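Asks: Take this structure, written in structure tokens, and hold onto it; I'll ask about it next.
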Amino acid sequence: MHAKPETAATTDWDRRGLPAWTYRNRAFFDLEMAELMLNHWQLVGHVSDIADAGDYLTFDMGNERALVLRGKDGEVRAFSNMCRHRGSRVVTEDSGHCRHALVCPFHGWVYNFDGTLRNAAQPTSFPPLDKVEFGLSPLECEIWNGLVFIRFRPGPQPSLADVMAPFAAEIGLYAGEDLVCSTGSWSNLSPVNWKSVRDVDNEGYHVAMAHPALQDLYGSNYHDEPMNRGISRSVGIYNAHGGRRWSVRHYLRLQQEKPHLPDTLRKAWLYWGLFPNTVIAATPESFQFYQDIPVSPGKTLVRSRVYHRRVEDRQTRLSRYLAYRIDRDTAAEDVQLTIWSDESMKSSAFKGFFLSDLEKGVRAHHDHIRARLPVATLEAEPAAADLASLNAAMLGKGGPGA
Ligand code: FES
Ligand SMILES: [Fe+2]
């Protein structure tokens, strides 16, 4: 995401980013998974992705795996995608449909859509099995504005609705149940630490140099509101005289009245960052989210799902296609930037970030990480064996534990 230049640089803030070791240290990565990822809300998809009873989405993160499923009663529920017999995945695809029940592919235990056990295969080989006790383990699930969030473990955040509250009305202009998935969804396994993806995305200082299409669209009218209490907002308002590139030129030409949007948003792209690893974005024609799923200290799966209104006219569809083209080019440019940023973390020559006032969004995200993981304030890399206990001790010493 991408701040209007201030007239003079401020001098009262620490311009260093997190120390380089936090981008490559396995013990720190394990702490991040436990303290930032698995216990914070994760966005899995949209209710329209699982419109019918038996439709499901899966979501893997670290050693955990989730299954989100619509029941015959219309309810959406989340479970561990793990059979209660010997732990196999119960469903194996990213998404799909089960006709009558979930059948484990290992030995054939059968589960109802509400997660209860229907039958074990060859049940006489077991003592009687309680249908609930041996049902799929439920996970926390919250549906907000049509978006399906899960949480693998209880965490410091209140309900997802509380986190989103500062921008609920605005996001509500674009989100809701009346969306369907578009063809522009993508995923990319990138050879970088997840924070390098966030660092690039959390500032717009690079737009003028690295993103010609975005610069053409809204480069001189971009503004960041850095993350506060787990959520940030950025907005780019179309340039008055943009259109040097054909995609931007035609996109701007196709703009039409947007009665559902207030004047301030009719010519704007918006981004809301959700701590720690998710961004929700909207253009007048489309709605999307993208998120960084850490795989290892040096590998991150970045995935995006794009949605549009169920009913749209031809002009909106064309606009959406052009917005997708601009966004696709931008995403590819960002992949390269994240690789260059991340590889510096392994070099003995790297002396750390020195952030511009335009990069306060990077700082705010790092501050959120430091609040949960104060060990990241140490410039010197701690011994792996001490890292978790050191962090616990620093939190116990009155470190900010929010
Ligand atoms: S692991 Fe699922 S039936 Fe055996
Ligand atoms: Fe970028």
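The values are calculated or read from the model by the stated rules, or taken from the named source; none is laboratory data. On a predicted model such as this, the values are computed, not experimentally measured, just so you know. Cβ sites come from the backbone with ideal geometry, for glycine too, and all protein chains shown count toward neighbours. The accessibility values were calculated without ligands, DNA or RNA, using every heavy atom of the protein model including side chains. Shrake-Rupley method; radii C 1.70, N 1.55, O 1.52, S 1.80 Å.
Asks: Within the bounds of the stretch 130-139, is there any residue that is open to solvent by 30 Å² or more (accessible area, probe 1.4 Å) and aromatic (Phe, Trp, Tyr)?
Replies: yes
Asks: Select from the stretch 330-369 the residues that are charged (D, E, K, R), within 22 Å of Leu301 (Cβ to Cβ) and open to solvent by 60 Å² or more (accessible area, probe 1.4 Å) and list them in ascending order.
Replies: If the condition is that a residue be charged (D, E, K, R), within 22 Å of Leu301 (Cβ to Cβ) and open to solvent by 60 Å² or more (accessible area, probe 1.4 Å), then Glu343, Lys346 are the ones that fit.
Asks: Out of curiosity, is Leu139 more than 10 Å from ligand 1 (Cβ to nearest atom) and part of a loop (DSSP other than H, G, I, E, B)?
Replies: Details: more than 10 Å from ligand 1 (Cβ to nearest atom): yes; part of a loop (DSSP other than H, G, I, E, B): no.
No, not satisfied.
Asks: Which of (1) aliphatic (A, V, I, L, M); (2) in a loop (DSSP other than H, G, I, E, B); (3) within 15 Å of ligand 2 (Cβ to nearest atom); (4) open to solvent by 20 Å² or more (accessible area, probe 1.4 Å) does Ala240 not meet, given it meets every other one?
Replies: (3)
Asks: Tell me, which strands (runs of 3 or more DSSP E) lie completely within the stretch 158-236 with 2 or more residues that are closer than 17 Å to Trp269 by Cβ and in contact with a Lys or Arg (Cβ under 6 Å, 6 or more places away or on another chain)?
Replies: Qualifying strands (runs of 3 or more DSSP E): 222-228.
Asks: Another question, then. Select from the stretch 300-317 the residues that are open to solvent by less than 70 Å² (accessible area, probe 1.4 Å), among the hydrophobic types (A, V, I, L, M, F, W, C) and under 13 Å from Glu285 (Cα atoms) and list them in ascending order.
Replies: Of everything in the stretch 300-317, just one residue is open to solvent by less than 70 Å² (accessible area, probe 1.4 Å), among the hydrophobic types (A, V, I, L, M, F, W, C) and under 13 Å from Glu285 (Cα atoms), namely Val306.
Asks: For the stretch 210-223, enumerate the residues that are open to solvent by 10 Å² or more (accessible area, probe 1.4 Å) and within 10 Å of ligand 2 (Cβ to nearest atom).
Replies: Passing the criteria: only Ala210.
Asks: In addition: In the stretch 92-109, how many are near ligand 1 (Cβ under 9 Å from one of its atoms) and either out of contact with any Cys (no Cβ under 6 Å at 6 or more places or on another chain) or more than 18 Å from Asp60 (Cα to Cα) (or both)?
Replies: The number of residues fulfilling the criteria is 6.
Asks: Additional query: Tally time: how many residues in the stretch 143-159 are crowded, with 16+ Cβ neighbours inside 10 Å and modelled with pLDDT of 95 or more?
Replies: Going through the stretch 143-159 one residue at a time, the tally reaches 10.
Asks: What pairs can you find where one residue is in the stretch 375-398 and assigned by TED's automatic domain parsing to the domain that holds Arg26, the other is of a type in the set (Phe, Trp, Tyr) and surrounded by 11 or more Cβ atoms within 10 Å (Cβ to Cβ), and their Cβ atoms are less than 7 Å apart, with a gap of 6+ or different chains?
Replies: If the second residue must be of a type in the set (Phe, Trp, Tyr) and surrounded by 11 or more Cβ atoms within 10 Å (Cβ to Cβ), the pairs left are Glu381/Trp21; Leu387/Phe28.
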